Structures are given as C-alpha cells and as structure tokens.
1. Let me check I've understood the local charge: for L860, count other residues with C-beta under 13 angstrom from its C-beta, Lys and Arg +1, Asp and Glu -1. What total comes out?
2. What distance in nm separates the two pseudo spin-label positions at R326 and Q624, each 7 Å out from Cα along the beta-carbon direction?
3. If the limit is 32 Å between Cα atoms, which of K520/K570; K437/K572; K74/K236; K677/K931; K520/K576 go over it?
4. With a 1.4 Å probe and all protein chains left in place, how much accessible area per residue does region 929-1056 have, in Å²?
5. Suppose R0 equals 45 Å; then what is the FRET efficiency for L59 and S169 from their Cβ-Cβ distance, rounded to the nearest 0.05?
6. Hey, can you find the accessible area per residue of region 776-882 for me, probe 1.4 Å, expressed in square angstrom?
7. Compute the distance from the alpha-carbon center of region 183-259 to that of region 866-897, in whole Å.
8. What is the calculated FRET efficiency for L75 to E408, with r their C-beta to C-beta distance and R₀ = 51 Å, to the nearest 0.05?
Amino acid sequence: MAANISLFCYGRAMADGAGMQFVSAFAFEAMQKVDVVRLAALSDPELRLLLPCLVRMALCAPADQSESWAQDKKLILRLLSGVEAVNSIVALLSVDFHALEQDARKEQQLRHKAGGSNGESILVSQLQHGLTLEFEHSDPLRRLRLTLSDLLAIMNKVVDSNGEFFLKSSELFESPVYLEEVADVLCILQAELPSLLPIVDVAEALLHVRNGDWFLCLLVANVPDSFNEVCRGLIKNGERQDEESLGGRRRTEALRQLCQMNPSQALNIRAMVVEECHLPGLGVALTLDYKPDTPDEAVSPLVSYVSGLLLGTNSKVRTWFSMFIRNGQQRKRESSSVLWQMRRQLLLELVAILPRSRSTHMPNDGDMEDEGLSGYSGLREEHVVKASALLRLYCALMGIAGLRPTDEEAEQLLQLMTSRPPATPAGVRFVSLSFCKLLAFPTLVSTPEQEQLMVMWLSWMIKEEEYFESAAGVSASFGEMLLLVAMYFHSNQLSSIIELVCSTLGMKIAIKPSSLSKMKTIFTQEIFTEQVVTAHAVRVAVTNNLSANITGFLPIHCIYQLLRSRAFTKHKVSIKDWIYRQLCETSTPIHTQLIPLIDAYINSILTPASKANPEATNQPITEQEILRVFQSSQGEGSRGGRQRYSITTQLLILYYILSYEENLLASTKQLALMQRKPKSYSAALMDQIPIKYLVTQAQGLQQELGGLHSALLRLLATNYPHLCLVEDWVCEEVVTGTLPLLRRMMLPSNTCRYTRSQLHQAFQKLPSSSPRLMRILEHLTLLSPGDLIPYAEALTDSMALLLDSSVPRRILQTLNKLWMGLNTVMPRRLWVMTVNALQPSAKLLKQQRYTQNDLMVDPLIALRCEQRVYRCPPFMDIVLHMLNGYLLASKAYLHCHLKETADFDRQGQTVSSLGVPGQPDTPEVTREELKNALLAAQDSAAVQILLEVCLGLLSDMREVQCLICCLLHQMFIADPNIAKLVHFQGYPQALLPLTVAGIPSIHICLDFIPELLAQPQLEKQIFAIQLLSYLCTQYALPKSLSVARLAISVMGTLLTVLTHAKRFSFFMPTLPCLVAFCQAFPPLYDEVAGLLVQVGQVCASDVATKARDVDPLIARLQYLKEKPQEALIQGGGSSKLTLPQRTAEELGGADPDVQLCYCVEATFMDIISSTLHGL
C-alpha cells in the first residue's frame, strides 16, 4: 500500500541539533528494485549515502550472469566513476576480512573472560591520540579495526544490560566530520562479516549511540532486503509502553524514520506492533504519518486504527493500548507526545464535521468556506457515518481506556452529540449512539446551559421520532429506545439501562448506577412521566413483518417492559389490541422477544397488579379475534384460499391459547382465594383450531421458530397427550419421509385431478366400481397430507360401504394408509367423522352424531361401531388408534375439569367450615379418588370389550387379534395397574393362550398372582392358577418357579378346608394346570405328585362305600408316583393301570368325587407322558 509521498523528498531528523540527510523514499525504492535509471537520477549527496552497497555490487562477482545485468553493471560503474569517495570504499574492501574476523572473535573471548571490562584489545592497541584522530590518520584496515572494536563493545554492553537502556558516548559515532566515513566502514563490516555482526544485533546497538537512527537508516538502505527483519527485531525487543522511557522514544523514532524511508511497509510494521503488543506510540505515529492514495471520506485511518484496537476481540491488545492512554495522561501535556498528537488530530476531525453554526473551533484549513446558512444547520449527510464512528471511538477511549476529556474536547463532543442528523438509517444510528453516550457519560453535561441543550435535544428526538422512522424506512428507531429507557427509569432498573447502553454502543463499559441519578430526574419528572409512557406506548405503531432480521430496539421491547412493570393495569390502559395487532404482523425467523411478550401478557391477565385491586388486570384476546386468525385454515388446515395470516402468527396465537389455559389451571388456587375466575376458552373454539396441522408445519421450521416449536410440544404433551402419540410420530416419518417425497416429485404436473364428487360416486357404485375407486385412491396416496384434507369427509363418510365382504382387501389397505396420512394433520376432526361414519346401521339403532366433547367424556363410544368392523383388520387398526387417543384425551379432560373446579369448590368448603381441622382436604381427596376410579373403569372396560371381541372372532381373524394384543401391550406398559385390575376382574379361560402369547408385557402378572391367590373368591383363585400355568410355560423364570410353588402350596391348603361341593368346583379346572407346572419346572414333580396323591386319598375315602372299583386307585397312584417309567413300559407305552373306560353319560352322572378321582389319575398320566416325551 504505497503512500502518496513525493518520490524526491528528503527525510530530515534533528538527532543532536544538527541537520542530517536521511535516505529518501525514492532512493530506497531505487535500491530495493536495483533501478539503475532511478539511481542515476539521484543527487550526489543522496548517492553518497548508498556508495557501500553500490561499490560492492560493482566489484563482487554477481550471481546473475544475464546480459541485462551486465549492462546495468556498466551503468553503475559509470555512475561511480565520478565519485571520489569510491576509492576509500574500494580500499576498505581490499582488506583480509577472514583474519579480521578471527581477531574480533579472540577479542570477544578475551572480554568474556575479563568480565566485560575494557582491558587489553587485540583489534586496537597502542592508541596514541583520541579515537577520532586515530581514525583520521589510520589506513583502511585500522579504520575497520577501530570501528569494529567500538561496535563490539557497545553490542556486548547491550547483552549485559538485561534490558536497561543506556546511552553510550562514542567519539567515532558522534563526530560530524567523519560520520559518512564511519557509516561506510559500518556498512562494509556488516556486509563482509554477517555471522559476527548480525544486522538485527547491530541495529539494536545503534540505538544506544547518538545519531544511531541515521546510522541505522543508512545500514538498512545499503541492505534493503533486511528491512522487515530489522523492524521486527526492534519491535520484538521493544518496550510495552514506548513513551515511558528514553529508550522507548529513541526506538520509536528510529522505526518511524525507517518507515518514512520505506512508506509502503508502514502498515505492515504497524501490524507487527499490534501483534507483539509493543511500542503503542509507534502504531499511532505511523497512522498519523500515513497518507492514503485514495482517502476514505467516511472514516479516517486514525479512527479506524484506534477503534479496531479498543473494540476488537483481542482483550490483550485492548488492555495494552488502554494502558498507553492511561499512562500518557499522567505526564504533562507535551506537543511532542504521540498521545497528544493523536488527541489533537481527533479533535480536528470532530470539529471539521460539526454543523457550521455550532462549531466553536474550526481547523485552519482554508478550504472551509462559509455556506451562508442562517440559524441552525444540521449535520450533513456525508458526515453522519464519520460522526458515528467518532462517537464510538470516544466512548471506547473514555469507557475502556479511561481517557479524561479536556474541557475543549467535552464541549465539542456535546455539540456533536446534540446535533441533528438527516432522516436516514445512518442518522437513526447516530442519534441512538449519541443518546447512549449521554447516558454512559453524564459528566459531559456539567453546566445549566449544557443541561438545557440536552433537554431540548431529547424533546426534538421525541417530536421527530415518527418522521425519522417513516423517512428513513427503518423499523427500529430511537423512539423505542427513549421509551424503553424511560420505563427502566420508572421501575428503577438501572442495571437494564446500563446493559441497553452497552449493547447499543457495542462495548462493555463500567457505568456506575449512581451516575444516572441526574438523567433519571430529567426523564421521570421533565420528559416522560409513567402515565405519559403508557399512553404513548399504546399509540406506537406495531412493527410490520416483525422478525429476527429486524435488529435494534423496537416497540415490542417497550411494551414488554411495561407489561412486566404492570404499568398498563396500574393506569388502566388497554394493551390487548396492540399485542393482537403485533402478533398478526409477524414473520419468520421469529423475533426472540415475542414469546416473553406473550408470557408477560398472560401473567398480566391472570395475576392482578396488587392484592388491593384484584380487578386490575388486562383483557384476554377474544374468541372472535382468535378465530379470525384461523379462518383460512378451518378444518385442520383447509387449503381453500390464500392465507391472510402467516404461519408464524397462527403458531404464536396457538402458543398463547395453550399457555393461557395451562397458566389458568396452575393459578386456580390463587384465583380462588381472590374470588376471581377468569374465563377459559371454550371447547368449541379449540375444536376449530388446527392444532396438529400447525405443529406439523412448525416441525419443518424449527430453525426459524427458535424455541417456539419445543414450547408447543411441551404444552401439547401436557394438555393434549392424544396428539403426541408415539405411533403418530413414527407414522409421520413414513408419510413425510424421503420415499413419499420422491413419489410426489415423479407425479406429472398435468396428471388427472380427481374431485370429491368423483370419489363419492366411485364409493356409491361399489363393488362394480372397484377398479376405478382403486385408481382414485392410489392417486390420492401421492398427495401430501395437507392436500388430502379436502377429501377427508368423502373418505370417512363412505367407510361403512367398504365393510362388505366383496370389497377387495387392497382398497381397505389403501384407505387405511390415506386415513393415517390425514391423521398427521387433522386428527381430532378426523376421529369424530370416523366414529360417526362407523356407527351401527340405522335399522338396528337410531344413529346419533357425536361431538369431540362426547368422545372425550366417554371414549368407549369409539367401540360402538358396526360389528363387521371387528372382522376387518384395516378398519380395526383405525378404531384401535382412535380408542387409544380418546382414552388419553379423557384423562387430560378429567384432570383439567378437576383442576378447574376443585379449588373454587374447596374455597367454598373452607369458607363454610372455618375452624374444623382437616375438613377442607376431604372433598379434594374424594374427587381425586373418584377421578382415578372412573379412569380405571374406562380403561378396564375397554380392555374387557376388546377381549370379548377376540373371543368372538373366528380362527382366521388372527390379524385382528394381533392388533388388539398390540394395543393391550401398550396399555399395560403405560399403566401396569390396568393389567392388575383386568386380571383381578378376570376373563374367559379360553382367552389365556391368546393373551399370554400375544401380549409380551403380561409377564408383569407374576408380580400380583400371589395377591390374586389370596382373594377369598374361588373363581379368582382358579383364574390365577390357570393364568400361572400359561405364564410358566411362556416365561420359565426363577420368579415363575417360586410363584408356582406357592400355587401348589395354596392348592394343598385349600384341599383341607374346602367343602365337598367347592372341592370339586376348584380342583376339576385347576388339576390340569399341574401338568404345565411340571412341564415348565421338572423339579416340581415330587410336590405335584404328593398333592395328587392327597387329592386322590380324600376323594377315594369319600367314595369308598359307594364304588368298590375305585378302591385300587390309591395303590395305583402310589405306584405311578414311585415308578412312573416302569408303569408306562408295562403298559406298552400306555398304562394298564387305568380305570375302565366310561361313557360320557356315565361319567357325567357319576359322583363328583368319582369324577375327581378319574381327573387326578388322568393328570398323573399326562405329567408322566409329557415328562418322558421331553426326555
């Protein structure tokens, strides 16, 4: 980035009061590029400074053997031929530098051994006169030795100084007569002995002698490639704060001279300064020296540089430069100080952009002509951006770096801050920054005149806010910020004001809350009283298309703070209409303040501002206003017309309703104590809101909706659990997944579109229209669930027509698929239509049109359908899905109903029974128990009905049985108490093989079978043993074994206590269960055999007098118990010790004990057979 500096200018420096010629930028560039033409244009004094390099270039063998360089070398020789000093340099180059280097290294070793003392020297010995005279009378070799010895001494002292700066007095480097000759010797030494004299170390040593910056520039000019290396070394070894010491100032001046010699690298050197966090004054000085080729009209280089340091993300750099500002203020004001030069330049830039009638100090530039404007003149449009940058910079200087402005700076700053910019977006930004700077630094206003000026400016802000917003075309204007600050002052939220100021300025500033007391008085007493704030807030226009893309402070921020402070209810100002209008003017991505606004609004509706005035609340949004938002999506997302309101508005209104209802339920106790009962939204309203459709839409917009989607899911899971079924989410993945999307993309745009009437006609002409109906249904499967909504009524109304046995199974399955797709967007309305469509025929029963409320009160209505539905698996799947949903909906409905009425009823009970301990809690407990009992009865009734359906199905209806078992499995997992209740109620024994095999979660019955065995009813004990027998076969677990042992023990106990009649009733159905026990657990054989022998003995003793052929029974049983295998072998595979075969009539008419004897023996034989077959 080349600087616009005259190529022939000469840099001048006053090292010790004498003018010395430095290498110009033109000469350095010519050396850098070896531009012979430019070198030839140099004057003799300029050329003299570059002779060491040019002579070496002409004499040494070049690496470049090209013809062009040969020609250039001739030109250089011609250029040098007329210069007398060349001869002395040639003589210097004729010395044996190898021997010189050896002597120099020996001297270094000698000085190292002597501890750095200036003792005997190998390079220089027997000085007869002073160093200057010796240099004058010496030959070239001795001159080299003298200079090298002095330079090495300085370099050694630098190493030993441990960073402490010193200024070494040296005749050789101070004599103005021999400076050029010494410079020649220095350049030749460094070029010929680079390992002994590294250029960075030489540069560091030259800082410690007078005229060091001049020698350094000459050295670098003769080795131009070393420029960056030298500068980086000097910066790395430099001080963190350069203006604090003489060494820092000398280093800064030397680097500044180097950059004037090579201005194109000035910004790179400045970047090194920032990278190393050294020499901050150098960075500022280089910025002040920098003159860009194309100056930026908006922001000056100085403002950009200092703002970048203080407002950047690097905290180390910020701290480093802040320390430079703080330390610089502690010293007396010096014109040579870089800090004061910077402040003066900033002040000149500030004054230059002030309106003409306001600036009291003008720069001395002659180009500022009088504009001839009378009276007040506003800030010019081209100066607004620069003014904003200057304001932010002064904020950073004062707030971060601790700059204390002078009276002149404070006056001009206040003049700039209270100037009036044009109505542009940049002007709005400038006013916001000025206002925040006033809040951050109220000390800028110190006199009554300044305070009056500020009040007039604030009044102008209030008056012009609407014009600025409309003219500038921005939604976030400074009016909202004024309103917000006024509200914070009224509610004494000073920390919020500080946060607002820091956020607007874009920097963290330490502001003491006590410093805002004067501003608080002005705001709350002179400009914005609380009543004025609330009245003004309601009249502020809502933000059109409010979204997160609109930044800054908006009306919504003000309304939110006023809602939180309850200012609207306190002053009886209605805010409902404003909030409703703002919610209707929203778009994606959703603004972060919308959800907190709704929450604060709901709280202001339900919670009074004070207990003394319980009616001081805001009004809720009316049902008519809510319906207006959803009128374009009636029927769970109707696609009938163009939506008037955005999806964001509908989702926010839905969130408002659900959150309002939840908070209303949560606050019933407090509301009952205050004798308040805010109105709840009607069920009819909720039925007309497409909840599931909206949540499905929100799922695809999660990134743009922020936390709204998750908040809606939480509210749904609490209040509408039937809309959050897991199987529904899984089904949505199938319906809205990749494969359906690809199928829809392949659907031609000009494909046949079927109407609802065509679909209805195809249903009516079944079964002859089956092929046409199948084509229509297959086409509908390619549509998205939202596009299916218009066909929902035609599909559900015709479901009863598909129950005929002649309807192809494929049509039923396709309809099931379409129903499940519709269920993802309009479940509640779809369920009601389906239940009404599947009612029994009107011939048998007068049909009734059920409503959503009817089905939530009595979920079992879903099972009162046409009997043929139970034999149609695709439709039974739909019925079971609805039943599961309505059971969950009923739970939520009863919970809400109980919560709505309980606290008010209990409040009445409490008032009427004061002084009676424990009395108020009794009704609550009773109501809760009644609710749980009702829910348990509903669930168990649904399970029993489904089990009866399974019992009545034919053997080929296995698919329906599996669907029912699946639902029962889910119900048992969700609430194990349902499984316990159903099995305590019992069901037909014929269903046990199906339930045990088809319901995986039925193993939980093992937990309560002991309790069931302990019941006094014989039927429950029989059912428990029968259930246990199937469970042991299905789940042969250690727990099953222990429960089976318990069952055998219970059977043995009952044998001794049951009467004659009950004994027959109990053991006839339970003895066959012992076979399953032994089959599952062979170790139980002895216990079972003992039980069977006991039963046989009891029965045989009762019939001993009635049937003599039963007498051998006991002997046979004992034999079977002791030698089962022999008994089986003797019988040729079947026992010959069996009772004679009896006909059914004989057995049926026989004595019960005789029948029981036969049953015991048959059980024995079954156990033996199953055991031996197992082996």
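1. Result for the neighbourhood of L860: -3.
2. Those two pseudo-labels are separated by 6.6 nm.
3. K437/K572; K74/K236
4. Using a 1.4 Å probe on heavy atoms only, each residue of region 929-1056 averages 43 Å².
5. Result of the calculation: an efficiency of 0.80.
6. Accessible surface, normalised per residue, equals 37 Å².
7. With region 183-259 and region 866-897 each reduced to a Cα centre, they are spaced 91 Å.
8. On the way: r = 57 Å, r/R0 = 1.12.
Rounded to the nearest 0.05, the efficiency is 0.35.
The values are calculated or read from the model by the stated rules, or taken from the named source; none is laboratory data. Since the model is a prediction, treat every value here as computed from it, not as a measurement. Because the Cβ atoms are built from the backbone with ideal geometry, glycine has one as well, and the counts that use them run over all protein chains shown. The protein model used for the area step is the full one, side chains on, heavy atoms only, and it has no ligands, DNA or RNA in it. Shrake-Rupley method; radii C 1.70, N 1.55, O 1.52, S 1.80 Å.
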